[in-house]
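Q: Could you have a look at this structure, given as structure tokens, before my questions?
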Amino acid sequence: MATNIHKTVEETPVDCRETFMSLSKSMNESEATMEQKLHTLYLIQQKDSKIDEIHLLLGELPDEISDLEDEIEGLKTRASKIKDEINESEKFVMQRKIDSDNCKAAIEKYQEQQKNVKNSREYVSISREIEYQQLELELATKKISEKNKHISELKVALKNAEESLKQRALDLEAKKTECEAITNETCKEESLLVEEITKLKASLDARTLAAYEMVRSNTHNGLAVVTVQRDACGGCFNKIPPQRQLDIAMNKKIIVCEYCGRILVSPDFDNE
């Protein structure tokens, strides 16, 4: 009686730290499959690079918009604080004016009483009260003058803050309009590229994709797959030995740059 033996195939788990260097050592595929995989990786890289170019069109606009929004919030907060300080200062002035009027009324009252004093002792006592009220009046007048000067300075600062706020709001609106125009112009193209990349990635295994994304994220220009250009790596521009160039042109295996870790493909891919 025949016995059916079922073999369990265990997939090697994806290592997010894996690079093309480590990946190329573990692959054992036919030449046709490998060439197809290299073409697919190259196409994905080309489309990812086009998306990068689209994002470059925006340049620093998103950061500039964010900075302007932060600056506007800061100006609003500053203007609000200045207004509160002006209100408190005006209340202070009003209170000092009331104190000043009270001092004047007290002086007039004591001066009237001084006319009807019966002895020198009473006269001296009233004179001291008048002198005290006069000092209080002078102090209140001085504080009113100082606070009014401060209020004038605050109003100038408030005007400057409101003018800056108005200008920054105009700048923000212009930046947002520019950003929106670029986004609307490139949105359809980017969506198509993302859709094409998704289809291409569906034909690759998870380990290859993980290695691609890993190398791409570690490069300043987002290039994980590059062609040989003028006998050098198209990513770091280090020279590649002739024999290694022949191996690359054959498309039989994944070959990476020993300097930067990018996968190297034949310059014929560019012509195709």
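Q: Report the residue count in the stretch 174-214 for those that are of a type in the set (Val, Ile, Thr) and farther than 20 Å from GLN36 by Cβ. Steps first, answer last, please.
A: Of the stretch 174-214, the ones of a type in the set (Val, Ile, Thr) are 177, 182-183, 186, 194, 197-198, 208.
Next, only the ones that are farther than 20 Å from GLN36 by Cβ stay: 177, 182-183, 186, 194.
Qualifying residue count for the region: 5.
Q: Would you confirm, using the coordinates I've provided, whether ILE255 is among the aliphatic types (A, V, I, L, M) and either touching a residue at least 60 places away in the same chain (Cβ under 8 Å) or at positive phi (or both)? Spell out the reasoning first.
A: On the way: among the aliphatic types (A, V, I, L, M): yes; either touching a residue at least 60 places away in the same chain (Cβ under 8 Å) or at positive phi (or both): yes.
Against the criterion (among the aliphatic types (A, V, I, L, M) and either touching a residue at least 60 places away in the same chain (Cβ under 8 Å) or at positive phi (or both)), ILE255 qualifies.
Matching residues to (1) touching a residue at least 12 places away in the same chain (Cβ under 8 Å); (2) hydrophobic (A, V, I, L, M, F, W, C); (3) surrounded by 15 or more Cβ atoms within 10 Å (Cβ to Cβ):
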site: CYS187; (1), (2), (3): no, yes, no
site: ALA202; (1), (2), (3): no, yes, no
site: ALA224; (1), (2), (3): yes, yes, yes
site: ASN238; (1), (2), (3): yes, no, no
site: LEU246; (1), (2), (3): no, yes, no
site: TYR259; (1), (2), (3): yes, no, no
site: LEU264; (1), (2), (3): yes, yes, yes
site: ASP268; (1), (2), (3): yes, no, no
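Q: Exactly one condition in (1) farther than 30 Å from ARG78 by Cα; (2) modelled with pLDDT of 90 or more is not met by LEU165; state its number.
A: It is condition (1) that LEU165 fails.
Q: Checking the structure you have, find out if any residue of the stretch 74-86 is among the acidic types (Asp, Glu), under 42 Å from the mean Cα position of the chain (by Cα) and modelled with pLDDT of 95 or more. Give the steps one after another, and end with the answer.
A: From the stretch 74-86, those among the acidic types (Asp, Glu) are 84-85; that's our starting set.
Next cut, under 42 Å from the mean Cα position of the chain (by Cα) only: 84-85.
Among the residues that remain, those that are also modelled with pLDDT of 95 or more are: 84-85.
For the stretch 74-86, residues among the acidic types (Asp, Glu), under 42 Å from the mean Cα position of the chain (by Cα) and modelled with pLDDT of 95 or more: present.
Per-residue answers, yes or no, for (1) farther than 30 Å from ASN148 by Cα; (2) surrounded by fewer than 16 Cβ atoms within 10 Å (Cβ to Cβ):
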residue: GLU53; (1), (2): yes, yes
residue: LEU57; (1), (2): yes, yes
residue: ILE72; (1), (2): no, no
residue: ILE86; (1), (2): no, no
residue: MET94; (1), (2): no, yes
residue: ALA105; (1), (2): no, yes
residue: GLN113; (1), (2): yes, yes
residue: ASN119; (1), (2): yes, yes
residue: TYR123; (1), (2): yes, yes
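Q: A follow-up question, please. Under 7 Å by Cβ, and 6 or more places apart or on different chains, what pairs join a residue from the stretch 27-55 that is modelled with pLDDT of 90 or more with one that is part of a loop (DSSP other than H, G, I, E, B) and loosely packed, with under 15 Cβ neighbours inside 10 Å?
A: So the pair list comes out as THR40/SER203.
Q: Same structure again: Determine whether LYS239 is touching a helix residue (DSSP H, G or I) at 6+ places or on another chain (Cβ under 9 Å) and among the basic types (Lys, Arg).
A: no
Q: Let me ask something additional. Looking at LEU137, LEU68, which is the one that is in contact with a Lys or Arg (Cβ under 9 Å, 6 or more places away or on another chain), without any contact (Cβ under 8 Å) to a residue 40 or more places away in the chain and aliphatic (A, V, I, L, M)?
A: Numbers: LEU68 fails: without any contact (Cβ under 8 Å) to a residue 40 or more places away in the chain.
The unique qualifying residue is LEU137.
Q: (1) assigned to a helix (DSSP H, G or I); (2) among the hydrophobic types (A, V, I, L, M, F, W, C); (3) in the same structural domain as ASP48 (by TED's automatic domain parsing): which one isn't true of LEU264, the others all being true?
A: All conditions are met except number (1).
The values are calculated or read from the model by the stated rules, or taken from the named source; none is laboratory data. A quick note: this is a predicted structure, and the numbers were derived from the prediction, not measured. So basically every Cβ, Gly included, is an ideal-geometry build from the backbone, and we count neighbours across all protein chains shown.
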